[in-house]
Structure formats: C-alpha cells, structure tokens
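Chemist: Quick one: the structure is below, and I'll ask about it shortly.
The values are calculated or read from the model by the stated rules, or taken from the named source; none is laboratory data. What you see is a predicted model, and the numbers here were worked out from it, not measured in a lab. Because the Cβ atoms are built from the backbone with ideal geometry, glycine has one as well, and the counts that use them run over all protein chains shown. Heads up: the accessible areas ignore ligands, DNA and RNA and are worked out on the full protein's heavy atoms, side chains in. Shrake-Rupley method; radii C 1.70, N 1.55, O 1.52, S 1.80 Å.
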Amino acid sequence: MNTKEISSVAIYPPIGIARIGNSNKHFFAPDIPGVEITPKGGYKDKKGRVKKQVARFRIYAFDKNGKVLGEITETKDHNIQWRVQVANVKSAWYEFNNALDIPNAGIPSAYRNSDVSDRTQLAITPTPVSISGKNEKGKKYDFDDGEFFGKKVKLGHVETDEDGRLLFFGGDGKSASKDDKPAITFANNQGWHDDTCDGVVRATVNIAGKKFEAEAANVAVTPPNFGPGLYGVVTMNDVVQDLFIREMDYPDSAADGVVFYEHIYPMLQRMTDTQWVNQGFFMLFGKNSPSDFNNLEFVKKLADPSEANKELRYRVFEWFRDPNSNNYEPQKVPPFYGDGFGEYEKIAIVDLPITQTQYARLKCWAKGDFTTGKPKKYIPFDELSPAEQIDALNQAPMEECLGGPFHPGIELTWPMRVKQMWKKPYRLNVVDEGEATDLDFGPLLSPAIVLGKSKLQDENGNEKAGPLSKSGPGALTRWLGVPWQTDEASCLSGYDLTLYLPLPSFWAARVPNQVLSEDSYERSIKEGNLNIAQRLKHFDYRQDWLRDLGSVYQTKINHMISEWHELGIIAKAEDDAKNNEQGFLPDLVWKETGRKFGEDDPTFTQVVRAETIMDGLGDEKARKAATEADTLTTAGLLSSPKVKAASHSSNSTRKRRRVSRGER
C-alpha cells in the first residue's frame with residue numbers, strides 16, 4: 001500500500017456484534033457472512049462457563065476516489081488511538097409494546113420505571129475508554145464505573161491484539177433487581193437491569209505523521225448465540241439489504257439475474273437447518289422429509305431452470321407468504337411468529353414473511369428466470385482482496401443476527417429497517433463524540449414521534465429530531481427486553497397446544513425450542529450396533545431446550561436469569577453414522593452440548609439395558625462382570641463400556657431439578 005494515496009480511513013465492521021459470556025475464554029465474531037468457525041474446545045470452557053464472543057475492529061484506508069487500499073495496523077510508522085463509549089439505558093427508556101414502525105399497528109408506550117423521578121439512576125453510563133498499541137490490556141480498560149441505583153455494573157472491557165486491532169469483550173450475563181424482586185414478564189421488568197450494552201467506536205490514525213479521523217462504527221453486546229452456525233430464514237442482513245436495495249441505491253447482486261446457489265438456496269437450506277432447534281421444522285423440512293432441502297436429489301431438481309421442474313419450483317414458491325399481502329395465511333412459510341403476534345389475531349402481521357427482495361428473487365426462480373451457479377466455497381478471510389474483506393465485514397455481523405420477529409427481538413431489532421437510522425448502507429448515523437443518547441421524548445412514545453412525523457422540541461424550545469435520527473451509547477439495545485433472559489425464556493414456539501406441530505417459532509436459531517440431546521446423538525448416530533429402527537427413535541426424539549428450568553412461567557424466567565449458562569449450546573457435530581446403508585441418519589448434525597449434571601440419569605441406564613439385553617448371551621464371564629458392577633461397566637455384555645448419559649459429568653456439581661406433581 002502506498003500510504004501517500006490515503007485520503008480517508010474507516011472502522012470495520014461498521015456494526016460489530018459481541019456476545020455475553022461468563023467465561024474468561026473467548027472466540028471471535030465471524031468475519032465472513034454465513035461462516036461460523038467453532039472455537040477450539042467448543043463454546044464452553046472446562047468449567048462449563050459460556051465463552052464470550054468478541055467483536056474485532058479494524059481500520060481500512062481509502063484513496064480520494066473511495067477505493068479501498070488495505071488494512072492499517074499498528075507499526076512504528078502507524079499508530080491507532082481507539083476511543084469507545086458504551087451504555088445500557090434499557091431501564092431509562094420506554095416500555096416495549098410492539099414494533100412502532102408496523103403500519104397502523106404500533107402501540108405507544110410509557111416509560112419503564114415511570115415512578116422513578118431521578119432517571120439518571122436508571123442509565124448505566126460508564127466512562128469512555130481510550131486504548132492504543134499492541135497487545136494492550138488491563139483493568140483501566142474496563143467499562144466498570146457505570147451505576148444502576150448506586151450499584152456499579154460492569155459492561156465489559158476492551159483490549160488490542162498483536163496488530164493493534166480493537167477487541168471488545170461484553171458483559172458476564174449478570175442481571176439483577178434493585179429490590180431483589182422476582183421478574184414477572186418478558187420485556188418490561190421494573191427495577192431490573194442487565195449487562196448488555198452498545199455504543200460508538202472511534203479512532204484517530206496517525207500515518208507517517210499525518211492524522212486521520214476514522215469513520216466511526218458501532219458495537220452492540222447481545223445475548224449468547226445458543227445455535228452457532230444456524231441462521232434465520234430471514235437474517236438481519238436480509239432485512240437491511242432489502243432496505244438498502246429498495247431505498248438507498250445499494251447494488252442488487254441479483255440485478256443481472258438470480259443465481260440459485262447465491263440467492264435462493266441459502267433461504268431454503270436454513271429452513272431445513274432449523275430442524276436442529278425446532279421439532280416442527282424437523283417434521284416439515286428435516287432429514288427424511290420429502291421437503292428436505294439438504295437432500296441432493298431434491299436440490300438438483302430445484303436448481304434446474306428447465307420447464308421439467310417448473311411445477312415443483314412453483315409449489316415451493318407458492319408455499320411462501322407474500323410480504324405485500326394482507327391476508328392471514330398461517331399455513332404458509334416460514335413458520336415463525338410475526339411482529340404483531342400477541343397484540344393482534346388472525347391478520348397478516350402475526351406471521352413472519354420473507355423480505356420483498358427475497359420474495360422477488362424467489363418469484364424469478366419459480367418462473368425459471370435464473371441460473372444455477374455453484375455452491376459457495378469458503379475462502380479464508382486473509383485470502384480475500386481488501387474490497388472483498390470490507391464487504392464481508394459489512395455483512396457478517398448482520399448475517400448472524402436474526403431478521404425477525406421483532407417482538408422485541410434478541411440481538412438488534414426493528415429500528416434497523418428504518419431508513420433514517422442509516423448514514424449509508426451498513427453504517428449508522430451516530431451522535432457527536434461525548435453526546436449522550438437522548439432518552440426524553442415525552443410521557444408517551446408514539447409511532448409518529450419515533451418515525452419523525454411529529455415535530456419535537458427540546459427543553460429550550462428548539463426543534464429536535466426523533467430517537468432514530470442518530471445512534472449513541474445504549475441507543476440500539478434500549479428497544480429490547482430487560483433483562484434479556486426473561487425474553488428468551490418467554491418467546492418460544494407452539495403456543496397453541498392443540499396443533500399437531502410446535503409451530504410457529506420465535507427465534508429458534510438463537511433461542512432453541514426442541515433439540516437433539518447428546519444422549520440421543522450417542523444412541524442414534526454413534527451406536528452402529530443398534531438396529532436402525534431403534535436408532536431412529538433416538539434420532540427423532542427431540543427434547544425441550546429449557547426443560548431444566550421447570551414449567552411454571554414465573555419460576556422458569558427467574559431460573560433463566562440465574563442459570564442461562566447451564567443451558568446446552570446447539571453446536572455442529574460431524575461423524576460418519578455407522579451401519580447407515582439406507583441413509584436414514586445424517587453425518588452432519590447440530591446437537592446439544594455443554595449440558596451437564598453431577599448426578600446419573602437412571603432412565604438412560606434403563607435405555608442402554610433395554611438395548612443390550614441380548615448382547616453377550618452365553619458369555620458367563622461377561623454376565624458375572626455385569627452382575628457385580630454397580631453401573632453398566634461390562635466386559636462384553638453391553639455394546640459400550642462404562643455407558644453413562646452424556647449429560648453426566650463427574651466434574652459437575654449441578655443437581656437435577658425435580659418439579660412437583662402440580663407443576664408437571
């Protein structure tokens with residue numbers, strides 16, 4: 001790179017996503033959209049604590065024509081001074097009722113904690129942090145002096161890496177009530193705080209004695225990803241790209257023609273991949289279903305633009321609900337709740353549509369107006385060109401966030417689809433440095449105020465803009481539930497228990513519903529000596545992800561606050577399924593991991609005994625060994641030695657929870 005050509009610099013990604021974790025171990029947020037690299041040792045540490053996802057920020061240089069020249073790192077000639085200001089202002093903001101941009105359906109909301117007169121006590125606003133150099137870290141870079149009713153709340157910290165890039169570590173997942181009162185609802189628990197946050201990242205770059213102020217970025221700390229490598233059928237990237245393409249002159253990658261493997265297949269495949277976190281999706285689109293979008297023969301037909309497969313394409317296309325339709329069509333897909341669920345019944349907005357851009361591409365595909373293309377191949381980030389790198393960094397954080405339903409959402413939410421939020425595609429309007437986020441828009445926050453349709457005045461009578469005009473510390477996460485754990489334990493799937501399937505779902509790819517347990521995985525995929533019919537029983541047996549928290553609502557959401565880190569993470573596992581000639585079992589699955597108890601599971605012991613009852617008959621030595629053993633430790637009587645439930649760990653002190661007959 002010729003540094004004399006540098007005209008400007010900018011921070012990437014424009015919006016970085018860090019995630020809560022209670023471990024001191026971490027892994028990095030994805031740099032490439034749709035590519036999740038499993039951290040060494042998995043998503044929990046050896047003590048069962050959840051690793052933090054760290055947002056990594058870089059500086060890129062541009063010439064006078066806006067062409068990207070490359071990344072700027074810390075050297076003897078280049079210095080980067082990072083400045084970060086974050087906040088958590090959820091409790092000082094307004095209550096969540098529903099998404100205020102829903103046409104003619106947004107419900108105005110009053111303040112959270114409206115009885116608190118000194119509202120500064122509700123906003124956690126730590127001192128901004130500056131950091132520079134290589135491998136810099138230490139307590140002085142903590143965001144730990146913000147307070148909630150006089151109690152300090154740490155919102156995370158920053159470090160730099162060996163190249164001077166900024167690393168943002170989020171909070172530990174600690175939520176609390178100022179009065180030690182239990183949480184009672186999903187989104188608006190009075191007197192509560194959590195330790196999510198968001199804010200603005202700035203940098204001054206000195207290159208050979210010349211200073212550049214970098215174009216600012218944002219960071220948001222969200223809850224953990226309990227389904228890493230799984231994605232929403234509609235991602236946040238789909239949502240914002242739809243806005244950018246239709247209203248902000250963003251180049252449409254399908255302008256020269258729809259490509260099946262680029263524009264159509266990812267959406268279909270994600271419906272099938274949701275089988276690992278929802279039983280209904282498993283039945284509709286999962287392994288062995290005629291509508292399994294991972295079935296190579298099925299996909300081959302869908303990828304063929306000829307007339308021979310036109311009827312099949314139209315059958316799939318017509319299954320999707322039209323985002324422009326006002327008809328209530330719960331039988332259509334994707335089977336997710338919509339933004340209007342809970343406040344309205346039997347109208348279009350209670351179910352989630354795909355975006356207008358997705359639907360238009362799907363329509364072209366159905367007609368046969370497309371090319372097949374090729375499946376996307378993974379290219380390591382360092383092998384991408386600078387232009388490809390910044391394109392990847394624009395999209396990757398949005399790709400891993402869900403694009404709905406926004407009720408209120410679990411990572412980022414509905415304001416992201418409002419044009420006035422954006423300076424340009426992927427980069428938000430931000431407040432001036434040192435400017436606090438405005439939290440006062442009158443006693444009732446209405447759609448007209450939020451969307452800039454009402455004229456507003458500040459305390460001095462001067463005109464002021466609405467809350468979406470620019471984003472400051474705490475501005476992105478304030479729209480979400482407080483604390484985040486109660487929302488995740490509330491927004492599940494299948495609220496009509498009379499239906500055949502537990503559908504629709506809310507956020508299955510991030511907040512799983514029904515999952516393949518490690519025990520089921522061991523007895524289906526790994527246990528090749530068992531007959532296929534019995535193995536399929538295990539494979540088809542999906543269990544409630546929140547089963548350890550009880551079934552009484554208020555008890556469940558409060559257990560979630562204290563025990564969220566004990567829940568399993570649904571992670572990718574690849575292993576050749578033994579004795580699987582018919583192909584009924586997959587080699588690649590997402591299974592529950594990291595759910596451990598110190599106590600045995602006697603029902604699993606019963607399962608193994610039932611499945612090995614005929615093993616080793618006539619082998620007196622094996623029978624004697626099994627009879628004398630306290631557990632199923634045998635020398636041939638059972639198919640596996642020392643067979644214990646995968647959920648058992650001698651290192652765990654966690655006890656199993658038994659509910660009363662009334663609760664069950």
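Chemist: If each DSSP helix of 4+ residues adds -39,500 (n - 2.57) and the sum is divided by the residues in the chain, what number results at 222 nm, nearest 500 deg cm²/dmol?
Modeler: Taking each H run of at least 4 residues, the total per residue is -5000 deg cm²/dmol.
Chemist: A further question on this structure: Under a point spin-label approximation (7 Å from Cα along Cα-to-Cβ), what is the residue 149-residue 64 distance to one decimal in nm?
Modeler: 6.0 nm
Chemist: Further, regarding this structure: Straight distance only, please: which lysines reach the Cα of residue 4 with their own Cα at less than 21 Å, same-chain residues fewer than 8 apart left out?
Modeler: 64, 67, 76, 210, 211
Chemist: Just the number please: accessible area per residue for the chain, 1.4 Å probe, all protein chains included, in Å².
Modeler: 44 Å²
Chemist: Now for a different question. How high is the relative contact order of the chain, given as a whole-number percent (alpha carbon pairs under 8 Å, six or more residues apart)?
Modeler: Over the chain, the number comes to 16 percent.
Chemist: A follow-up question, please. Mind checking which aspartates and glutamates have their C-alpha under 15 Å from residue 423, skipping anything on the same chain fewer than 8 residues away?
Modeler: Within reach: 215, 247, 249, 432.
Chemist: How much length is gained if the chain between residue 114 and residue 540 is pulled fully straight, taking 0.36 nm per residue apart and subtracting their Cα-Cα distance, in nm to one decimal?
Modeler: Extra length from residue 114 to residue 540 when fully extended: 148.5 nm.
Chemist: Right, next: What are the GluC sites (Glu not before Pro) within the range 317-367 that DSSP puts in a loop, where the Cβ has at most 14 other Cβ atoms within 10 Å?
Modeler: 318, 345
Chemist: Note the full-extension length gain between residue 584 and residue 609 as 0.36 nm times their separation in residues minus their Cα-Cα distance, in nm to one decimal.
Modeler: Taking residue 584 through residue 609 to full extension adds about 6.6 nm, to one decimal.
Chemist: For an R0 of 30 angstrom, estimate the FRET efficiency from the Cβ-Cβ distance between residue 388 and residue 211 and round to the nearest 0.05.
Modeler: FRET efficiency, residue 388 to residue 211: 0.60.
Chemist: As a test of reading the structure, rank 595, 658, 523, 246 by solvent-accessible area (1.4 Å probe, protein chains only), most first.
Modeler: My answer, sorted largest first, is 658, 246, 595, 523.
Chemist: What number comes out for the charge environment of residue 361, summing +1 per Lys or Arg and -1 per Asp or Glu over other residues with Cβ under 14 Å away?
Modeler: -3
Chemist: Oh, and also: Calculate how steeply helix 236-247 sits against the longest principal axis of the alpha-carbon atoms of the chain, using the helix alpha-carbon long axis, and give the answer as 0 to 90 degrees to the nearest 10.
Modeler: 40 degrees
Chemist: Can you give the FRET efficiency for residue 204 and residue 377, using 1/(1 + (r/R0)^6), R0 = 45 Å, r = Cβ-Cβ distance, to the nearest 0.05?
Modeler: The formula returns an efficiency of 0.75 here.
Chemist: Okay, next question. How far is helix 356-367 tilted off the main Cα axis of the chain, in degrees rounded to 10, range 0 to 90?
Modeler: 50 degrees
Chemist: For the residue pair residue 656 and residue 163, what label-to-label distance in nm results when each label sits 7 Å from Cα along the Cα-to-beta-carbon direction?
Modeler: 4.9 nm
Chemist: Rounded, prolate or oblate: which one fits the range 158-307, using the alpha carbon gyration tensor with axes a ≥ b ≥ c (rounded when a/c is under 1.5, else prolate when a/b beats b/c, else oblate)?
Modeler: Since a/c reaches 1.5 but b/c is at least a/b, the shape of the range 158-307 is classed as oblate.
Chemist: OK, next. For the pair residue 343/residue 329, report the inter-label distance in nm, with labels modelled 7 Å from Cα in the Cβ direction.
Modeler: With each label placed 7 Å out from Cα toward Cβ, I get 2.4 nm.
Chemist: Run through every distinct alpha carbon pair of the chain and return the Kirkwood hydrodynamic radius in angstroms, one decimal place.
Modeler: By the Kirkwood definition, the hydrodynamic radius is 26.6 Å.
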